[in-house]
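Each remark here refers to the structure printed beneath this line.
The values are calculated or read from the model by the stated rules, or taken from the named source; none is laboratory data. The structure displayed is predicted, hence computed values, not measured ones. Every residue, glycine among them, receives a Cβ derived from its backbone with ideal geometry; neighbour counts consider all protein chains shown.
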Amino acid sequence: MSLTRRQQWRIEKIQAERIARANKAADNSEDVLGDAGAAQTGLVITRYGQRLLVEAESGELYQCTGRRNIELSVAGDQVIFQTVGNGEGVVTALLERDNLLRRSQKVIAANIDQLWLVVAIEPHYQFELIDRYLVVAENAGLPINIVVNKIELSQNIDQIKQDFSMYESAGYLVHYLSVKAQTNIAELKALLNDTTHIFLGQSGVGKSSLINELIPDLNLRVNEISAKSKLGKHTTTNTTLYHIPSGGDLIDSPGIREFQLDDLTDKEILSGFKEFKPFIGECKFRNCAHIKEPKCAIKTAVKAGTIDPKRYHNYLQLIDV
Ligand SMILES: Nc1nc2c(ncn2[C@@H]2O[C@H](COP(=O)(O)OP(=O)(O)OP(=O)(O)O)[C@@H](O)[C@H]2O)c(=O)[nH]1
Ligand SMILES: [Mg+2]
Ligand SMILES: [Zn+2]
C-alpha cells in the first residue's frame with residue numbers, strides 16, 4: 001500500500017522533472033549538440049570509467065559520455081540524454097535522486113527501493129563485516145533485508161539461525177537459501193516486487209549467482225574461486241542493473257575484496273544500529289558515548305533485553321573501544 005503510493009509519487013515526480021529538465025537540457029545544448037536527437041529520459045544501466053550505458057524508454061541502449069559539468073551518474077540513475085548517432089549519446093542532465101548508496105566516498109547506485117545484504121557459509125560470514133555493511137546501508141536510509149546463501153554447506157542450520165537471531169530481533173528479515181541446492185529461491189522471488197533491488201556483500205558470497213537464478217537466461221559469469229589463489233576469476237567489476245521479466249529491477253554490485261573497508265565515523269556507526277534509535281537522546285548525558293557513562297539509555301536497554309547484548313558488543317567493537 002505505502003509502497004504503491006511511494007511508487008506513484010516517484011513516477012509523478014520523475015515525469016514533472018523530466019519535462020522541465022528535458023526542455024532546459026535541450027535549450028542549453030542546442031549549440032553544442034547541433035546534430036543531436038531530441039532530449040529524452042534514460043535509465044543508467046552501468047558505468048565503466050567515464051562511459052555510461054543508458055537505456056532509453058524505447059528499451060534501446062546507448063553508450064554515452066557525460067557532460068563535464070554534471071555529476072557522475074551511476075546504475076539506477078535517471079538522466080536526460082541525446083543521441084548522437086552510431087548508438088551513442090551524450091548525457092546532459094542528471095535527475096534528482098531518491099537515494100544514493102556510497103562506499104568509501106564512491107557512489108555505487110541510486111534510486112534503490114530495497115537492499116539485500118548477501119552473506120554466505122563460505123566465505124564464512126563475519127559479524128564485523130555484516131555490521132559494517134549495515135552501517136553503510138542504514139546511513140543511506142535504505143530498507144535492508146539479509147540473505148544467507150550456501151546453506152547446503154552447513155551441517156548445523158540451527159546454529160546459523162541462532163547466529164542471525166540478533167539481526168532478526170533488531171528488525172531485519174533474514175532469508176536462508178542455497179542457489180546450489182535450490183533451497184528457498186522461489187520464496188525469495190516472491191519477495192521481489194515491482195521495485196528496484198540491490199544485492200550487496202562480500203566477494204564470492206553468490207550475488208551474481210542469485211541474480212542468475214532470479215532472471216532466467218541472464219547467464220552472468222560467476223566468480224569461480226580458485227582454491228590456490230582464493231581469488232575469483234569472474235568477479236563482478238561493474239555495478240549493473242538488470243530487468244526482471246515480470247517487473248522490477250535487480251542491481252548486481254562488486255563485492256569487497258579482503259579488507260577494503262570504509263572509514264566509518266562513530267556517529268555513522270551509532271545510526272547504523274537501527275534498534276538503538278529509540279534510545280538515542282534518552283541518556284542522562286547529552287554527549288553520552290554509550291560506553292561507560294552512568295544512566296545510559298542504550299546500556300539500560302541491553303540490560304533489559306530490548307537490545308541484544310551481542311549487537312551491543314559488536315557496536316563497541318566497531319567504534320573500537
Ligand atoms: N556451494 C555453493 N556455492 C555457491 C552457491 N551460490 C553460489 N555459489 C558459488 O560461489 C561462487 C561465487 O559466486 P558469485 O555469484 O560469483 O559471487 P559474487 O557474490 O557475485 O562475487 P563477486 O562478484 O566477486 O562480488 C561461485 O563459484 C558460485 O558457483 C551455493 O548456494 N552453494
Ligand atoms: Mg558477482
Ligand atoms: Zn548512552
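Per the listing Tyr312, Tyr242, the residue uniquely more than 19 Å from Ser104 (Cα to Cα), of a type in the set (Ser, Thr, Tyr), within 16 Å of ligand 1 (Cβ to nearest atom) and modelled with pLDDT of 95 or more is Tyr242.
Do we have any residue at all in the stretch 247-257 that's of a type outside the set (A, V, I, L, M), within 16 Å of ligand 2 (Cβ to nearest atom) and modelled with pLDDT under 80?
yes
Is the stretch 141-160 home to any residue that is touching a helix residue (DSSP H, G or I) at 6+ places or on another chain (Cβ under 9 Å), touching a residue at least 12 places away in the same chain (Cβ under 8 Å), closer than 30 Å to Ala304 by Cα and assigned to a helix (DSSP H, G or I)? Scanning the stretch 141-160 turns up at least one residue that is touching a helix residue (DSSP H, G or I) at 6+ places or on another chain (Cβ under 9 Å), touching a residue at least 12 places away in the same chain (Cβ under 8 Å), closer than 30 Å to Ala304 by Cα and assigned to a helix (DSSP H, G or I). For the residues Tyr133, Tyr125, the requirement of being of a type in the set (Phe, Trp, Tyr) and either in contact with an Asp or Glu (Cβ under 6 Å, 6 or more places away or on another chain) or modelled with pLDDT under 95 (or both) singles out Tyr133.
Within the stretch 140-168, if we keep just the residues that are more than 22 Å from the chain's Cα centre (by Cα) and hydroxyl-bearing (Ser, Thr, Tyr), the residue that is surrounded by the most Cβ atoms within 10 Å (Cβ to Cβ) turns out to be Ser154.
For first residues located in the stretch 246-258 and among the charged types (D, E, K, R), partners that are within 16 Å of ligand 3 (Cβ to nearest atom) and modelled with pLDDT under 95 and lie 6+ apart or on another chain with Cβ distances below 8 Å do not occur. Would you say Phe164 is within 26 Å of Asp266 (Cβ to Cβ), in contact with a helix residue (DSSP H, G or I) (Cβ under 7 Å, 6 or more places away or on another chain) and of a type in the set (Phe, Trp, Tyr)? No, not satisfied. Exactly one residue among Gly204, Gly247 is over 16 Å from Ile144 (Cβ atoms), out of contact with any His (no Cβ under 6 Å at 6 or more places or on another chain), assigned to a loop (DSSP other than H, G, I, E, B) and within 13 Å of ligand 1 (Cβ to nearest atom), and that residue is Gly204.
Taking the conditions exactly as written (within 16 Å of ligand 2 (Cβ to nearest atom) and in contact with a Phe, Trp or Tyr (Cβ under 8 Å, 6 or more places away or on another chain)), does Leu200 satisfy them or not?
Details: within 16 Å of ligand 2 (Cβ to nearest atom): yes; in contact with a Phe, Trp or Tyr (Cβ under 8 Å, 6 or more places away or on another chain): yes.
It is true that Leu200 is within 16 Å of ligand 2 (Cβ to nearest atom) and in contact with a Phe, Trp or Tyr (Cβ under 8 Å, 6 or more places away or on another chain).
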